[in-house]
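Student: Just passing along the structure, written as structure tokens.
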Amino acid sequence: MRCFCETTLLLLLCFCYGYNCLEVVDGSSRKTVEIKSTEFKPNEEFIAFSPFMQLFSDGYFDDILGTVVHCVCTKSDRKFDAMRRHLSLAFNRLFVRAIKPLDKNMEEEPNMKTCRKQWLTFINDLQSQPYALRMADSWGRKQSGILDGNVQWMGNYHECIEAKGPDFTGKWCEAFTDHKQETSMVEISKHSSVGICVPSECSENSITKIFQEILTFRSNNKTGSATLLNVQCPLTTKEQEWTTADTFGIAVTCVVIVLNVIGTFVDFFARQNKATDKKVFNNTRNNYKISQPKEHPCLLTRMTLCFSMMSNGEKILTMDSSGGDLKILNGIRFLSTAWVTLGHTFNDALIEIGNFVSASKYLKSKVAFMPMMNFYYSVDTFFLLRGLLVSYLGMKQLTKTNGRINIALTYVHRLIRLTPVYAYGILFSMGLYKWLGSGPHWTSHAMYFSNLCQSAWWNNLLYINNLCTPVNLCFFWSWYLAVDMQFYLLTPFILLATYRWPRVGISLMVFFAIASMAVCGILSALGPVQPFALTVTQNLGVVDIIPTDIAYDVRFRYDIYFLPWARMHVYMIGMLTGYVLFATKGKVKIPKLFVVLGWLASAGSSFAIIFGLYPQISTDADLDTGLATIYNTFDRPVYGLCLSWMIIACTSGYGGPVTKFLNWKIFNPLSRLTYSAYLIHFLVLMWYMFNRNNMIHCQTIDFIFIYIGTFLVALILAFLLCLTIEWPTMELAKVLLPSKRGYPSNRDEKSDQKKLLKQQ
């Protein structure tokens, strides 16, 4: 006999159409089932809809409820009621038997009895109550495109949770298979899942027992077989608990808002009185401008004005550049941030894509998508820019101070520059983030972010999260900040050596660069380790590309991505570039022939690095160990040298149209948003992806709009973070830290005031 639920479908169809009998075939046997019904006639109009989701059979989902069809008759409510009674009968046949195991486990869980009662109420109410039909209609169902990767059928999440019964509501759950789908034609690397709507008091354990009973029944009757998996029932946004992180997040946000409002009001009234104050102080040698916090005579006022949104907004949005001869760095910084966002959109958006198989194959087959697959070079851009600026500005400062430097104070400045907005981002992801969305996967995703940071946030604030094992995934894209800070701890000593003994300092930079390259080569050979682009593209849409629960010695034998000694080469190339620009005052004289050769070599090498792995990526093939070792040893240093050449050439006047483009004034304000945008962009991307009620059928145009939307929203939020947290803390550091004080001393202020009184 065929599947019991298929029989139910045929009986219902026969019932709807008014047929007298139906032949059900099982192998060579033929049985006739008599249907006696005068409720429906063949010539009556009706609409058939909602074949409910199906359960696991032959490797795919096949008939959880069978396929139930309920008919909405357009001429008679009485006939519609009859149809609902028949639908209730179908649920009874399947679930009344299935909920029997709950009777045996009443003592194990307090809510077992309540769950059983609510199931029976739900089934009986299918005859007369709209909420029950909405719960049934919200179940996921088997869809087309399975071989295309469409194996996650979420149903209608909001229809489920908005259904309200007599003493319960609908609760959305997701049932997973315990294996990946494989056929002779296609292998799907995602676990199959289906959305189900159950009474609210039923626990995951209760639901699992119910469906295990259904599967056992089907297996015994040879109507299909599968192994049940696990069932997850995420909390809705309203059901989430208020935590300490939420309270602290609200408190910090309120304090920030109050400080910014007060600072803005003080600045506003100061600007109103500016003309009067200028007349009073016009004859003094210190013509204080009260609207500028750093020049106001009162320390408390200067501290308050650091939070002025008017002043900070003007500084952030001004088109003028403070980069001097290095203005092109603003364009490079912004474009690299855009590249990072593009890469994360490309890879992580595939988590929620319904046509995963065809989308991933299409993306790998097009050479135009290679920059997305090699987006991790954008992080090397940041390392090079950081090394260049530290070296260039550090050498200028040492020259002004005759080689004197307060190393501890430089560390404090760096911490104040990075930590406030970073700490707020971590706090936000731990608490308030989860309240901003609602969807079938939203809560589990938001809680995943929160739980990752509950016990590991301090690693991030100490900037050692990249060295932890198990790998610390709290705000996991911030590993770059940890590596950057670890490099920064070393740079003052290298700069001191370079200032006093230039050859020694340059030799140290070269030594560290070569040593880092050697580490990458050795680890690649011993691992063996494939280029990271191949690892990423062979696991598109998979979150856990890098194993997390591993020992230190194992991790340090293969990790050439997150650890500082595998990243130092590009940073040191940046420091060497900065020293060259400092020594030549930004004007390196290069013969025209070498300019042409330099640009050709730089462009050709960059093209080879970005597009060179296309044959392997398009065929999912690995490089042999020797080639992988060579590639991992030289790819990032060569990329760094290409970028270094471009910076030197453009700064020295050999960039032509490249210099004009990178000097475009629009990049000046945008570059000031890049740090906050880097911190926030991934939260924005995940917020969009997991707030959806269904999977995305993604095409190229979808990727384009997802990327543009994510990046624009990230920039808007980054501006708010810059305006209220990042920029005020930088201004506050200028006021409070000794090396940044540019104000007259208190004694000078009192003296000027006495002279002014005498003149008056």
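The values are calculated or read from the model by the stated rules, or taken from the named source; none is laboratory data. Note that the structure is a prediction, hence the values are computed from the model and not measured. All Cβ positions, glycine included, derive from the backbone under ideal geometry; neighbour counts span all protein chains shown. The area values use the complete protein model at the heavy-atom level, side chains included, leaving out ligands, DNA and RNA. Shrake-Rupley method; radii C 1.70, N 1.55, O 1.52, S 1.80 Å.
Student: Given the residues Phe449, Phe493, which is the only one that is modelled with pLDDT of 85 or more and either over 27 Å from Ser378 (Cβ atoms) or assigned to a helix (DSSP H, G or I) (or both)?
Tutor: After applying the criteria, what remains is Phe493.
Student: State all residues of the stretch 180-219 that are β-branched (Val, Ile, Thr), at pLDDT below 80 and either open to solvent by less than 10 Å² (accessible area, probe 1.4 Å) or within 28 Å of the chain's Cα centre (by Cα) (or both); if no residue qualifies, say none.
Tutor: The answer is Ile188, Ile210, Ile214.
Student: On the basis of being at pLDDT 85 or above, in a loop (DSSP other than H, G, I, E, B) and either open to solvent by 60 Å² or more (accessible area, probe 1.4 Å) or aromatic (Phe, Trp, Tyr) (or both), does Trp139 make the cut?
Tutor: yes
Student: Need pairs with beta-carbon distance below 9 Å; first residue within 11 Å of Leu335 (Cα to Cα) and within the stretch 659-675, second open to solvent by 60 Å² or more (accessible area, probe 1.4 Å) and in a loop (DSSP other than H, G, I, E, B); sequence gap 6+ or separate chains.
Tutor: That search, which allows pairs on different chains as well, returns Leu662/Lys327; Phe667/Lys327.
Student: Looking only at the stretch 500-521, filter to residues that are of a type outside the set (Lys, Arg) and farther than 22 Å from Ile630 by Cα; which one of those is farthest from the chain's Cα centre (by Cα)?
Tutor: Applying the filter and picking the extreme gives Trp501.
Student: Taking the stretch 153-171, which residues are part of a strand (DSSP E or B) and not β-branched (Val, Ile, Thr)?
Tutor: Trp153, Lys164, Gly170, Lys171
Student: Within the group Leu385, Leu363, Leu398, Leu393, which residue is within 19 Å of Leu679 (Cβ to Cβ) and of a type outside the set (Val, Ile, Thr)?
Tutor: After ruling out the rest, the residue left standing is Leu385.
Student: A further question follows. Does Thr410 fit the bill of being surrounded by fewer than 21 Cβ atoms within 10 Å (Cβ to Cβ), among the hydroxyl-bearing types (Ser, Thr, Tyr) and in contact (Cβ under 8 Å) with a residue 12 or more places away in the chain?
Tutor: yes
Student: Look at Phe661 and say whether it is aromatic (Phe, Trp, Tyr) and open to solvent by 30 Å² or more (accessible area, probe 1.4 Å).
Tutor: Yes, satisfied.
Student: Residue under question is Thr399, and the condition is that it be open to solvent by 50 Å² or more (accessible area, probe 1.4 Å), touching a residue at least 60 places away in the same chain (Cβ under 8 Å) and of a type in the set (S, T, N, Q); does it hold?
Tutor: yes
Student: If you scan the stretch 432-446, which residues turn out to be farther than 13 Å from Lys238 by Cα and assigned to a loop (DSSP other than H, G, I, E, B)?
Tutor: If the condition is that a residue be farther than 13 Å from Lys238 by Cα and assigned to a loop (DSSP other than H, G, I, E, B), then Pro440, His441 are the ones that fit.
Student: Only one residue in Ser378, Ser391, Ser450, Ser429 is under 17 Å from the mean Cα position of the chain (by Cα), within 20 Å of Arg567 (Cβ to Cβ) and open to solvent by less than 30 Å² (accessible area, probe 1.4 Å), so which one is that?
Tutor: The match here is Ser378.
Student: For the stretch 663-717, give me each residue that is assigned to a loop (DSSP other than H, G, I, E, B) and not charged (D, E, K, R).
Tutor: Asn663, Trp664, Ile666, Leu673, Asn691, Asn693, Asn694, Met695, His697, Cys698, Gln699
Student: Okay, next question. Looking at (1) modelled with pLDDT of 95 or more; (2) surrounded by 17 or more Cβ atoms within 10 Å (Cβ to Cβ), can you tell me which one Cys474 breaks?
Tutor: Just one mismatch for Cys474, condition (1).
Student: Follow-up. Report the residue count in the stretch 594-609 for those that are within 29 Å of the chain's Cα centre (by Cα) and crowded, with 18+ Cβ neighbours inside 10 Å.
Tutor: Total satisfying the criteria: 2.
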